[in-house]
Every structure is written in C-alpha cells, then in structure tokens.
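To start, the structure itself, in structure tokens.
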Amino acid sequence: MNIYVGGDVYTIVQFQHVKPGKGGAFVRTKLRKLMTGQNMEKTFRAGERIETAYVEKRPLQFLYNAGDDIVCMDMDDYDQTHYAKRLLGDGIKYLKDGVAISAVTVDGRVISLEVPDFVELLVKETDPGLKGDTASGGSKPATLESGATVNVPFHINVGDVIKIDTRTGTYLERVKGEV
C-alpha cells in the first residue's frame, strides 16, 4: 500500500499492530520513500487518518544513456522519453540495453523508475577460477556488463551469465556457462 506522509509518497514495507495492556492501540510501520528509496520507521496511533496515494506502474523499455538522462520507450504507445538517471536510484547499476523497467507515477507525474527484481548479466571481468574451487566457501568481486560490481563464488568465470537480485545487489545463481 502507498500513502502520503509529509507530502511525500511512501510504500508500506512492513507493519505491526500493537495492543498494549494500557493505553490505545497503534501500528508500527517501516516505510520506503518512492522517490529516493530511503527507509523510515513511523508509528500511527489508533484513529489517526492517513491519505492513500494512488500509484500506477507503466511498462517501459530501456534504450540507451544520454548524458544525465536515460531514454526509454513506452511499451503502450512506443513514444521515446528522456528520464533523469536519479529516478532509478541504485537500479542504474543493473541496466543494459533492452531491459524492461517500470515508471511509477502518482497523479500523472513520474516519481521513480524501477528495474526488475532479478536481472541476468554477463560477467565481463573477474579473477580466473582455479581447479578445486567449489560453489561454496568464499567469494570474489566480478564486474558485470552493466558496470556493476558484485561478489560471486570462485567458480564463476569471465563470460558466464549470472542472475542478480537488484534489491540487495547479491549474486543468486549462474544461468549459463561461458558464452
């Protein structure tokens, strides 16, 4: 659910309803600001009014970088639009040509862009794997085709395609061996 807090739009990430033995009930929440991705904790008292924010997501396709902007194509009408890179936040590290992203709009205004939760990227640079390295037991840094650097297991080599969780920036699995 999305709500307005202090004029900004937040997504409720987690909530807990608390009924103490003495006094009124309240709801303890963890919120994430849609525009910046900042996290915040807020407590709402029983009977307190909040305003719901109506958020829409539009499918886009990332085309290319253009200075401080990115150019995306709207998948509904095929219009190409420039968006500021800051709308992507940390997701900018996982962009490659042709990837599907979402434009998050509130009241007809784009407030953020979201990359998919999982992306598959090619390993461009990493230390070579040695015989005897296994899937468990340590990690090494790897630079991906998008420019992001993540820690991967020792058995991952240059040319492998790996799956990354963009929310945490962590390696999940190897999708394909050397291409």
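The values are calculated or read from the model by the stated rules, or taken from the named source; none is laboratory data. In this text the structure is predicted, and so the values were computed from the model without any measurement. Note that each Cβ is placed from the backbone with ideal geometry, even for glycine, and that neighbours are counted across all protein chains shown.
Could you list all residues from the range 30-51 that are under 20 Å from K19 (Cβ atoms) and surrounded by 11 or more Cβ atoms within 10 Å (Cβ to Cβ)?
Within the range 30-51, K30, K42, T43, F44, A46, I50 meet the criteria.
Looking only at the range 84-110, how many residues end up being small (G, A, S), in contact with an Asp or Glu (Cβ under 7 Å, 6 or more places away or on another chain), under 27 Å from V161 (Cβ atoms) and part of a strand (DSSP E or B)?
1
Go through (1) part of a strand (DSSP E or B); (2) among the polar types (S, T, N, Q); (3) assigned by TED's automatic domain parsing to the domain that holds Q14 and name the single condition T81 misses.
All conditions are met except number (3).
Anything in the range 36-61 that is under 26 Å from D74 (Cβ atoms) and not polar (S, T, N, Q)? List them, or say none.
If the condition is that a residue be under 26 Å from D74 (Cβ atoms) and not polar (S, T, N, Q), then G37, A53, Y54, V55, E56, K57, R58, P59, L60 are the ones that fit.
Restricting the search to the range 50-74, which residues are under 20 Å from V106 (Cβ atoms) and part of a loop (DSSP other than H, G, I, E, B)?
Across the range 50-74, the qualifying residues are I50, A53, Y54.
Among I101, I70, which is the only one that is at pLDDT 90 or above and closer than 22 Å to V150 by Cβ? Steps first, answer last, please.
Values: I70 fails: at pLDDT 90 or above.
Residue meeting the stated conditions: I101.
Being modelled with pLDDT under 85, surrounded by fewer than 17 Cβ atoms within 10 Å (Cβ to Cβ) and over 15 Å from the mean Cα position of the chain (by Cα), is that true of even one residue in the range 82-89?
No, every residue in the range 82-89 fails to be modelled with pLDDT under 85, surrounded by fewer than 17 Cβ atoms within 10 Å (Cβ to Cβ) and over 15 Å from the mean Cα position of the chain (by Cα).
For the range 8-45, how many residues meet the condition of being within 20 Å of K57 (Cβ to Cβ), touching an Asp or Glu at 6+ places or on another chain (Cβ under 9 Å) and in a strand (DSSP E or B)?
Summing the residues that are within 20 Å of K57 (Cβ to Cβ), touching an Asp or Glu at 6+ places or on another chain (Cβ under 9 Å) and in a strand (DSSP E or B) in the range 8-45 gives 2.
Which residues, taken from the range 27-43, are farther than 23 Å from A84 by Cβ and charged (D, E, K, R)?
If the condition is that a residue be farther than 23 Å from A84 by Cβ and charged (D, E, K, R), then R28, K30, E41, K42 are the ones that fit.
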